[in-house]
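J.: Once you've had a glance at the structure underneath, I'll fire off some questions.
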Amino acid sequence: MKLAYYPGCSLKGTAREYDLSTRLVARHLGLELVEIPDWNCCGATAAHSTSHFLAVALPARVLALAEDMGLDILSPCAACYQRLRAAQEELKRDPELKRQVEGALGRTFEGRVRVFSLLEALAQLGEEALAAQVVRPLKGMQVACYYGCLLVRPPLTSCDDPEQPQLMEKILAPTKVDTLDWGGKNECCGASLIFGAREVALNLIKNILHAAAQVRAHALVTACPLCHANLDLRQKEVNRFFGTNFAIPVFYLSQLLGIAMGLNPRDLGLGSHFVDPQRALRMVGS
Amino acid sequence: MSVKEWEPKIVAFLCHWCSYAAADLAGVSRFSYPPNVRIIRVPCSSRVNPQFVLRAFAEGADGVLVAGCHLGDCHYVKGNYYARRRLWVLQRLLEFVGMEPARFQVHWISGAEGAKFAETIKEMVDKVRILGPNRLFQEVKDICVG
Amino acid sequence: MNENFWSEVNRAAGQKITHCYQCGKCTAGCPVAFAMDYKPHQILRLLQLGRGEELLSSRALWVCSSCQTCTTRCPCHIDLARLIDTLRFFSRQAFPQVTRHGMPLFNEVFLRSVKRYGRVYELGLTLQFNLKERKVWRDLDLGHFMLSRRKLRLLPEPVENRKEVAQIFSAEKEEPR
Amino acid sequence: MPRVGVFVCWCGSNIGGVLDCPALARAAATFPGVVYATDYQYMCSDPGQKLIAEAIKEHRLDRVVVAACSPRLHEDTFREVLARAGLNPYLLEMTNLREHCSWVHAGEKELAQAKALSLIRRAVAKALRLTPLHPGRVKITRRCLVIGGGIAGIQAALDVADAGIEVVLVEREPSLGGKMVLLDKTFPTLDCSACISTPKMAAVAKHPLIRLYTYAEVEKVEGSLGNYRVTIRQKARYVDHTKCTGCGTCWEKCPVKVPDELNFRLSTRPAIYLPFPQAVPSKPVIDARHCRQLTKGKCGVCQKVCPAGAIDYTQQDSLHEEEVGAIIVATGFDLFPWEKAYGEYGYGRYPDVITGLAFERLVNASGPTGGRIVRPSDGREPRTVVFVHCVGSRDELKGREYCSRICCMYTAKHAHQVKERLPEAKVYVFYIDIRTFGKGYEEFYRRVQDEGVIYLRGRVSKIYQEGDKLIVKGADTLLGEPVTIAADLVVLATGVVPARGAEELARTLGISTDKDGFFQEAHPKLRPVETHTAGIFLAGACQGPKDIPDTVSQASAAAAKAVGLLLREEIEVSPLVAWVNQALCTGCLHCQVVCPYQAIEVVTEGGRRRARVKEELCQGCGSCTVACRPGAMELKGFSNEQILAEVEALCR
Ligand SMILES: Cc1cc2nc3c(=O)[nH]c(=O)nc-3n(C[C@H](O)[C@H](O)[C@H](O)COP(=O)(O)OP(=O)(O)OC[C@H]3O[C@@H](n4cnc5c(N)ncnc54)[C@H](O)[C@@H]3O)c2cc1C
Ligand SMILES: Cc1cc2nc3c(=O)[nH]c(=O)nc-3n(C[C@H](O)[C@H](O)[C@H](O)COP(=O)(O)OP(=O)(O)OC[C@H]3O[C@@H](n4cnc5c(N)ncnc54)[C@H](O)[C@@H]3O)c2cc1C
Ligand code: SF4
Ligand code: SF4
Ligand code: SF4
Ligand code: SF4
Ligand code: SF4
Ligand code: SF4
Ligand code: SF4
Ligand code: SF4
C-alpha cells in the first residue's frame, strides 16, 4: 500500500518520535509513505475557533496537494486527521464554500482522496500481516488504549465507534499485550487548553491518569501528538499541582507496535519521553 | 354577454368529509361570500379527475377550485396525497398553456374551517374578477376535450 | 440585540436551537463544565432567549476544549461545539479585547505563525504567547528538556509556496462573517 | 326518458326569506326531463314527506330532486321517503339551497336566485343519470381471531367469548401472559402482577368458547370483513400436549442448561422447559436449538423418563385453517434495543447496567433471585442504585422521537421497591420531565420522593465501570451542574418499540403502521381501536406505548367493536363503490396501486388479466377511477358521466 504522508507541524517538533516510529513501522509492514511536498499547517483548533473559512481552506490545500499526487492520505496526527476530514465533509456539504476555497487557492477539488488515521491504515493491513511481524510479544504488559477526542469525534469524521472505539485494541491484539477495559479512553485531555486555560487542562489530564491508574495500567497508548504531549510532558506538572505521584509512561501506538516487532527502542524515539518507559519495557523483557 | 354584466363563474369540487362540510359550516355561521361559486360534491379530493377541471374551463368556467382534507387527515387515509400529486401536475400543465395560476386553485380546508372556506372563495373571486373572463379555453376547447 | 442575535447565530451555525429541551446531556458529558460560568445547556438556553450580552462575554466560550462530546451525544442533533465556535466569532467582534489573553490570544498567536510560515513555529509561538501573558518563566524546565531531545526546533521551517498560504489568509479577510 | 320531480323547500324563511321558491319551481319545471315541480314550507316535515311520496305515485316519478338543505343533514331522510314510495332510494339527488345559498348570499338576492337555479339545474342533470343501486349484503362468520396473548389479547378474548362468540387466540410464545406476567408489582397500586393476570390466563385456557394456539403464528389471511380464512402455523413442540400431564419429570432431568431469556440471562433453564411456573398451558416444549437429541442425535433422556410417553422428537410444524369474521391484533411491544445504540452506556457490556424489565425479574419473588435485589455481577446487594429515564425514548439521535409513556411510572415503582427492600440504599433517578398523567400517578410519584428517592433533572451522558463501581456522569440542570455518582447498579428505563415482526404481520393483514412501526388506528381520537381495514381491530401496546389500565380499556373496547360486528347476521355494505367496466379494462392495475384498502383484485379470464373490485372492502373514495387511464373504473353514485353532466349544467 502506498499513501501520501502528512506529518503535520507537531510531528516535526514535539512529536518527533511519533514521526520516526510511524515511518519505521510502516517500512517494516510494507506500507510506503510519500511525504506530501510543501504541506502546510491544518490550522488546528485555533483556525476553527476563529474562522470557518480558514478552518476549511487550510486543510483544503493539503487535500489538493495529495490529489495532485493521486494518493490517499495518512495523517498520524489526530488533530490534522480531524481537520482534514472535517474540511472534506464541509467541501462536500457546502458548494458555495467550496467555490470560495477553490478561488482562494487557485485549485480545484475532485474530492476523491481519502484520509486515513494511523489506526485505519494499520487496521487495514489485517491482523495476520501484523501478527507475522511480531517477534517479541508483550505478554504481561497491561496498557490502557487512549483515543481522546479528535480520532473519534464528532461522529461525522470519526474513524471508529465514537463511544467504544476498538481499533487500537485490534491492532495490538497480535502483540499479546493486555489491553484494559477502562472508562477514560475517549475522555478529553484538554490539549487545546494547555496554553489558554492551564489549570483546566491539568484537571483533565489528572482525570485520565487517575482512570488509567484505577485499572492498574502499566502504560497508556495513544495515536495523537497533542494527547501525548499533555499526558507525558505534563505529568510532572499534574503531580506538582495536585500532589499526586503518577508515573505512567505514554507510548505512541507505533512505538509499542515497533517494540513488539523487535525494532530498536532508540530508533523508535523512546529516549525522548518525559516519563521513563523503561520500567514498563523491562516487564516484557525489552 | 357584455363585459359589464360579466360575473366570474367558479366551479368548486369539494370533498364530502371536509370542505363540503366547511361550506355547510360557513352557511350555518352565516359567513357570507360572493355567490359566484357553484359546488359539486365528491367523496374525496382524489375522485377529481383532471378531465373534470378541463371540462369546466372548456364549458366556460372562469375558475376552478378543488378542496379536500388537510394532508394527513384524509378520510380515506391518503386520498388527498394522490389528489395533490395529480392536481399539481395539472397546475403545471395549465400554467404551461398560459392560464393564470389563480384560476385553478387547490386548498385543504377541514370541516371546522367555515371561515377559511368563505375567505378562500372571497379571495379567489376577487382574483378571477381582476383577470376577467376566461377566454383561453374557449379557443382550445376542441383540443382539450376532444 | 435579542431577535436579531438569535437568528444570526442560528443562521451562521445552521442549528435548530429551539429543539433543545434542556436535558443537560451536554453538560453531563462536558469535561470542562466544572470550569464554565455558563454550562453548555445554559449556553443553549441563553441562545434560545436571545441573551447575547451574557453569552458573548462568557468565559465558557474560551474554556470549551472543542472536544465534541456534546455534539456527539445531543439527543436533538444540536451541534453545540459548532455553535460555540460561531459564538467565538461573534464574541471577538463584540469584544476585541478578549484576544488579549488566554485561549483567544493563543489562537491569535498560533494563526500568526501559520500565516507567516505556513506552519507552526512551536518555539516562537510559545515564547511569544508566554511573553504576552507575562508568564515568561512558565514551562522553562520543559522547554529545556524538549530542546535537549530535539523536540523543539530553534528555527522555523516555513513552507516554500508562501504565496498560496497568504492567499488563503487574504481571502479570509474578505469573507463576510 | 326518466321522469324527474323537483321539490323546492322554503325551510320557513331560511330559504324562502331570500329566494323566491315558487319561481324556482316554475323555472325547474321547464328543464328537460322534469315532469313535475313544486315548492313547500318544510319538505322534511311529515306533510312535506307525504307530499313527495304522493307526487312520486301520482306523476309516476322515477327520479327525485330535493332542493333544500345539505345532503349531509337530510339525504337519509329523503332516501327513506323514496323507499316508502316504492322507489329505489338511490334515485334521489339533493341540492343545497340553504347552507350554500340563502344563508350566505342573503345580501344579494338576485344573484342568489340565479345561483339557486343553477344548483337545481345541476341536480336535475345528475338525477337524469342516476341508476338504482342495491347495498350488498355479506353473511358473517361469527368467530373472532385474537393475535397475541398478552394482557390485551387475554382481555379481548375473554370479553368476546363471554358475549357468546367463539374465539381463536394465537400466541407465538410457549405460554400466554406477555410482559405483564413477568412483572412483579404494578403501579400505582402495587398489586401483584401475576396474582391479577394468572387467573385470567387460566380463565382463557378453561373457556369453552376459546380455542388456544400457543407457540403458533398467523401465516396467511385471506378473505375480507365478515369472512376471513386464516392459516396458523403451529410450531413443533416435540411434546404431544394431548398426552402430557405436565408432571415436570422431563424438565427436572434434562441435562442441558441455557441462559433463560425471560430472566435476561440472570438464570438458566433446561432445553425442555416451561417458560415460568404459572405458564398456560402448563405443558413443556423442547427448544430445538439447544436440545442434544435434536441437534446431535444423542440424549433422549426426557423420552425415557416421561411417564406419559408424550415426547415425540419427530414432530413437525403443522398448519391449521380457521374461519373468522373479525380480527383483534394485540401483539404488544418489545424493549428498545439499547445495547445496539448506546455506546456511552457501554453497549450492554457492564453486567450491572440492566433494563427495567430485567429489574422486574430481579425483584420478583418468582424470579431468578427469589426477589432479592442484587447485582448480577457478584450477587451483592447494591448500596447505590441509579435509574436513567428516557433510554431510547425522546432521543432523535439514538432512539425514538416519542415518549414511551410507561417508564416514568415504572421507574418510580422500581425506586420505591429498592427503598422498600433496601432502606439504607441511596436511590437516584435521572429524568428530563416526569410524566404522571394517570389516575393516582402523581400521588405515587410524590410518595416515592417522600421515601427518600432523589430525583435529578438531567440526562446521563456516560456510564463506565471503574473497579466494582459504575461511574454515572449526569447533570442537575436545576442547579446547573454536572453530577457524578458512583453506583452499584444502574437501571435503564428502556423505551417501548413495536413487537418484533409487527411490520410483516401488518402486511399479512393488510393494515398499515405509523412512522414508528406501531399499527395505525383509523382515527387518533374517534376511532382508536379500529384500523382502516373494516373488521380488524387493535388492542394494547401494539397500537402505541401503553400501561396496563389503558391496554385493558382498549382491549375491552376492541372486543365491544368486534362483538358489535359479529352479533349481526349479515352486514350491509354501501353500494357507492367502484366497479370495473370489463370491456375497457386493460389489466394495467394502476388502480390497485392507489387503493388504500386493498379492495382491488386481479382476475384472469381466458388468459386476460383484469381488475375486479371487492365491494365489501371498497370504501368508495374514487381514487382508482382517476388512476385508470382507459376509464374502465367507475364509481357508483359519482360516475364520470354524472360529474361531467354536473359540470356542464353549472357552466351553462
Ligand atoms: C419494565 C416494565 C414495567 C412495567 N410496569 C407496569 C406497571 O407497573 N403497571 C402498568 O400498568 N404497566 C406496566 N408496564 C406496561 C405493561 O407491561 C404493558 O402495558 C402491557 O404489557 C401491554 O400489554 P400487551 O398485551 O399490549 O403487550 P405484551 O405484554 O407485549 O403482549 C403481547 C403478546 O403478543 C405476543 N405476540 C407478539 N407478536 C406476535 C405475533 N406476531 N403472533 C402471535 N403473538 C405475538 C407476544 O409474545 C406477547 O405475549 C410495564 C412495562 C415494562 C417494560
Ligand atoms: C381546555 C381543554 C382543552 C382540551 N383539549 C383537548 C385536546 O386538544 N385533545 C383531546 O384529546 N382532549 C382535549 N381535552 C379533553 C377533552 O375535553 C375530554 O377528554 C373529553 O371532553 C371527555 O369527554 P367526556 O364525554 O368523558 O366528558 P364531557 O365532555 O365532560 O361530557 C360529559 C357530558 O355529560 C353531561 N352530564 C354530566 N352530568 C350529568 C348528569 N348527571 N346527567 C346527565 N348528563 C350529565 C355533561 O353535561 C356533558 O355533556 C381538553 C379539555 C380541556 C378542558
Ligand atoms: S444535550 Fe442537546 S438537547 Fe440536551 S441540553 Fe444539551 S443541547 Fe440541549
Ligand atoms: S465541545 Fe466544548 S462544550 Fe462541548 S463537551 Fe467539549 S468542551 Fe464541553
Ligand atoms: S414428563 Fe411427560 S408428562 Fe411430564 S411434563 Fe414432561 S412431557 Fe409432560
Ligand atoms: S432430549 Fe433434549 S430436551 Fe430431552 S432431556 Fe435430552 S437435551 Fe433435554
Ligand atoms: S415516560 Fe418518562 S421516562 Fe418514559 S420516555 Fe416518557 S418522559 Fe421518558
Ligand atoms: S396537570 Fe395538566 S398541565 Fe399539569 S402536568 Fe398534568 S397534564 Fe400537564
Ligand atoms: S386501472 Fe383501469 S384499466 Fe388498469 S386494471 Fe384498473 S380498471 Fe383496469
Ligand atoms: S373507490 Fe377507493 S376504496 Fe374503492 S376500490 Fe377504488 S380506490 Fe379502493
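The values are calculated or read from the model by the stated rules, or taken from the named source; none is laboratory data. Everything numeric here is computed off the predicted structure, so don't read it as measured data. Cβ coordinates were reconstructed from backbone atoms using ideal geometry, including for glycine residues, and neighbour counts include every protein chain displayed.
The rows are residues; the columns are (1) within 14 Å of chain D (Cβ to nearest Cβ); (2) touching a Pro at 6+ places or on another chain (Cβ under 9 Å).
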| site | (1), (2) |
| --- | --- |
| A:LYS170 | no, no |
| A:THR175 | no, yes |
| A:LEU180 | yes, no |
| A:GLY184 | yes, no |
| A:CYS189 | no, yes |
| A:ILE208 | yes, no |
| A:ALA211 | yes, no |
| A:VAL221 | no, no |
| A:ILE248 | no, no |
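J.: Condition (residue is in contact with a helix residue (DSSP H, G or I) (Cβ under 7 Å, 6 or more places away or on another chain) and facing chain D (nearest Cβ under 8 Å)) applied to the stretch C:39-49: is it met by at least one residue?
T.: Checking the stretch C:39-49: at least one residue is in contact with a helix residue (DSSP H, G or I) (Cβ under 7 Å, 6 or more places away or on another chain) and facing chain D (nearest Cβ under 8 Å).
One line per residue, one yes/no per condition, for (1) at pLDDT below 95; (2) among the basic types (Lys, Arg); (3) more than 37 Å from the chain's Cα centre (by Cα); (4) in the same structural domain as D:GLU93 (by the TED database):
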residue	(1), (2), (3), (4)
D:GLU616	yes, no, no, no
D:GLY622	no, no, no, no
D:ALA649	no, no, yes, no
D:ARG652	yes, yes, yes, no
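J.: Consider D:GLU481 against the criteria (1) within 14 Å of another protein chain (Cβ to nearest Cβ); (2) more than 16 Å from ligand 1 (Cβ to nearest atom); (3) closer than 23 Å to D:GLN417 by Cα: it satisfies all of them except one. Which criterion is unmet?
T.: (3)
J.: A follow-up question, please. Run down D:LYS469, D:LYS462 and say which single residue is within 16 Å of ligand 4 (Cβ to nearest atom) and within 14 Å of chain A (Cβ to nearest Cβ).
T.: Of the residues listed, the single one that is within 16 Å of ligand 4 (Cβ to nearest atom) and within 14 Å of chain A (Cβ to nearest Cβ) is D:LYS462.
J.: Output the residue which, of all residues in the stretch B:82-132 that are surrounded by 14 or more Cβ atoms within 10 Å (Cβ to Cβ) and in a loop (DSSP other than H, G, I, E, B), is nearest to the chain's Cα centre (by Cα).
T.: Checking each candidate, the answer is B:ILE109.
J.: Considering A:LEU226, A:LEU257, A:LEU204, which residue is in contact with a Pro (Cβ under 6 Å, 6 or more places away or on another chain) and in a helix (DSSP H, G or I)?
T.: Values: A:LEU226 fails: in contact with a Pro (Cβ under 6 Å, 6 or more places away or on another chain); A:LEU257 fails: in contact with a Pro (Cβ under 6 Å, 6 or more places away or on another chain).
Sole residue among the options that is in contact with a Pro (Cβ under 6 Å, 6 or more places away or on another chain) and in a helix (DSSP H, G or I): A:LEU204.
J.: Provide a single number: the residues in the stretch C:62-90 that are in contact with a Phe, Trp or Tyr (Cβ under 9 Å, 6 or more places away or on another chain) and modelled with pLDDT of 95 or more. It would help to see each step written out before you state the result.
T.: Taking the stretch C:62-90 as the starting set, the residues that turn out to be in contact with a Phe, Trp or Tyr (Cβ under 9 Å, 6 or more places away or on another chain) are C:75-76, C:88, C:90.
Going one step further and asking which of them are modelled with pLDDT of 95 or more, we end up with C:75-76.
Selection size over the stretch C:62-90: 2.
J.: Is it true that some residue in the stretch B:12-34 is in a loop (DSSP other than H, G, I, E, B), touching a residue at least 24 places away in the same chain (Cβ under 8 Å), among the charged types (D, E, K, R) and within 9 Å of chain D (Cβ to nearest Cβ)?
T.: Going through the stretch B:12-34, the residues in a loop (DSSP other than H, G, I, E, B) turn out to be B:16-18, B:29-34.
Within this subset, residues satisfying the condition of being touching a residue at least 24 places away in the same chain (Cβ under 8 Å) are B:16-18, B:29, B:31-34.
Among the residues that remain, those that are also among the charged types (D, E, K, R) are: none.
Looking for residues that are in a loop (DSSP other than H, G, I, E, B), touching a residue at least 24 places away in the same chain (Cβ under 8 Å), among the charged types (D, E, K, R) and within 9 Å of chain D (Cβ to nearest Cβ), one finds none in the stretch B:12-34, hence no.
J.: List every residue pair whose Cβ atoms sit under 8 Å apart, with the two residues 6 or more apart in sequence or on different chains, where the first one lies in the stretch D:600-612 and is in the same structural domain as D:CYS628 (by the TED database) and the second, anywhere, is away from ligand 9 (no atom under 11 Å from the Cβ) and among the β-branched types (Val, Ile, Thr).
T.: D:ARG610/D:THR604
Yes or no, residue by residue, for (1) of a type outside the set (Asp, Glu); (2) outside the structural domain of D:GLU93 (by the TED database); (3) touching a Gly at 6+ places or on another chain (Cβ under 8 Å); (4) surrounded by 22 or more Cβ atoms within 10 Å (Cβ to Cβ):
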{"site": "D:VAL18", "(1), (2), (3), (4)": "yes, no, no, yes"}
{"site": "D:PRO22", "(1), (2), (3), (4)": "yes, no, no, no"}
{"site": "D:ARG26", "(1), (2), (3), (4)": "yes, no, no, no"}
{"site": "D:GLY33", "(1), (2), (3), (4)": "yes, no, no, no"}
{"site": "D:ALA55", "(1), (2), (3), (4)": "yes, no, yes, no"}
{"site": "D:ASP62", "(1), (2), (3), (4)": "no, no, no, no"}
{"site": "D:ALA67", "(1), (2), (3), (4)": "yes, no, no, yes"}
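J.: Among what's in the stretch D:258-270 and is free of Cβ contacts under 8 Å to residues at least 24 places away in the same chain and closer than 16 Å to D:GLU173 by Cβ, pick the residue that is surrounded by the most Cβ atoms within 10 Å (Cβ to Cβ).
T.: Among those residues, the one meeting the criterion is D:ARG269.
J.: When you scan the stretch B:52-78, how many residues do you find that are at negative phi and free of Cβ contacts under 8 Å to residues at least 60 places away in the same chain? Break it down into steps so the answer makes sense when it comes.
T.: At the first step, the residues of the stretch B:52-78 found to be at negative phi are B:52-59, B:61-71, B:73-76, B:78.
With free of Cβ contacts under 8 Å to residues at least 60 places away in the same chain added as a condition, the list becomes B:52-53, B:56, B:59, B:64-71, B:73-74, B:76, B:78.
Qualifying residue count for the region: 16.
J.: Limited to the stretch A:10-38, what total is found for residues that are within 7 Å of chain C (Cβ to nearest Cβ) and without any contact (Cβ under 8 Å) to a residue 40 or more places away in the chain?
T.: Residues of the stretch A:10-38 within 7 Å of chain C (Cβ to nearest Cβ): A:12-14, A:16, A:38.
Those still in the list that are without any contact (Cβ under 8 Å) to a residue 40 or more places away in the chain too: A:12-13, A:38.
The number of residues fulfilling the criteria is 3.
J.: Output the residues belonging to the stretch A:176-199 that are touching a Leu at 6+ places or on another chain (Cβ under 8 Å), in a loop (DSSP other than H, G, I, E, B) and closer than 12 Å to A:GLN142 by Cα.
T.: Residues satisfying the conditions are A:LYS176, A:VAL177.
J.: Tell me whether the stretch D:410-418 contains one or more residues that are away from every other protein chain (no Cβ under 14 Å), within 10 Å of ligand 7 (Cβ to nearest atom) and among the hydroxyl-bearing types (Ser, Thr, Tyr). Lay out the reasoning, then the answer.
T.: Of the stretch D:410-418, the ones away from every other protein chain (no Cβ under 14 Å) are D:410-418.
Now narrow it down to the ones that are within 10 Å of ligand 7 (Cβ to nearest atom): D:410-412.
Checking the rest, the ones that are also among the hydroxyl-bearing types (Ser, Thr, Tyr) come to D:410-411.
Checked against the condition, which is being away from every other protein chain (no Cβ under 14 Å), within 10 Å of ligand 7 (Cβ to nearest atom) and among the hydroxyl-bearing types (Ser, Thr, Tyr), the stretch D:410-418 yields at least one hit.
The rows are residues; the columns are (1) in a loop (DSSP other than H, G, I, E, B); (2) of a type in the set (Ser, Thr, Tyr); (3) over 27 Å from the mean Cα position of the chain (by Cα); (4) modelled with pLDDT of 95 or more.
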site: D:ASP334; (1), (2), (3), (4): no, no, no, yes
site: D:TYR347; (1), (2), (3), (4): yes, yes, yes, yes
site: D:TYR350; (1), (2), (3), (4): yes, yes, yes, yes
site: D:ARG361; (1), (2), (3), (4): no, no, yes, yes
site: D:SER366; (1), (2), (3), (4): yes, yes, yes, no
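J.: Keeping to the stretch C:86-144, report how many residues are surrounded by fewer than 18 Cβ atoms within 10 Å (Cβ to Cβ), at the interface with another protein chain (Cβ under 9 Å from one of its Cβ atoms), in contact (Cβ under 8 Å) with a residue 24 or more places away in the chain and touching a helix residue (DSSP H, G or I) at 6+ places or on another chain (Cβ under 6 Å).
T.: Residues that pass the stated criteria total 0.
J.: Here is a further query. With the structure loaded, tell me whether D:ILE56 is within 13 Å of chain B (Cβ to nearest Cβ) and β-branched (Val, Ile, Thr) or whether it fails that test.
T.: Criteria not met by D:ILE56.
J.: Please pick out the residue among A:LYS92, A:LYS98 that is free of Cβ contacts under 8 Å to residues at least 40 places away in the same chain and either over 24 Å from C:SER170 (Cβ atoms) or in the same structural domain as A:GLY190 (by the TED database) (or both).
T.: Values: A:LYS98 fails: either over 24 Å from C:SER170 (Cβ atoms) or in the same structural domain as A:GLY190 (by the TED database) (or both).
Result of the check over A:LYS92, A:LYS98: A:LYS92.
J.: Please verify whether D:ARG98 is away from chain B (no Cβ under 14 Å) and touching a strand residue (DSSP E or B) at 6+ places or on another chain (Cβ under 9 Å), treating the condition exactly as stated. Working first, answer last.
T.: Details: away from chain B (no Cβ under 14 Å): no; touching a strand residue (DSSP E or B) at 6+ places or on another chain (Cβ under 9 Å): yes.
So D:ARG98 fails the test.
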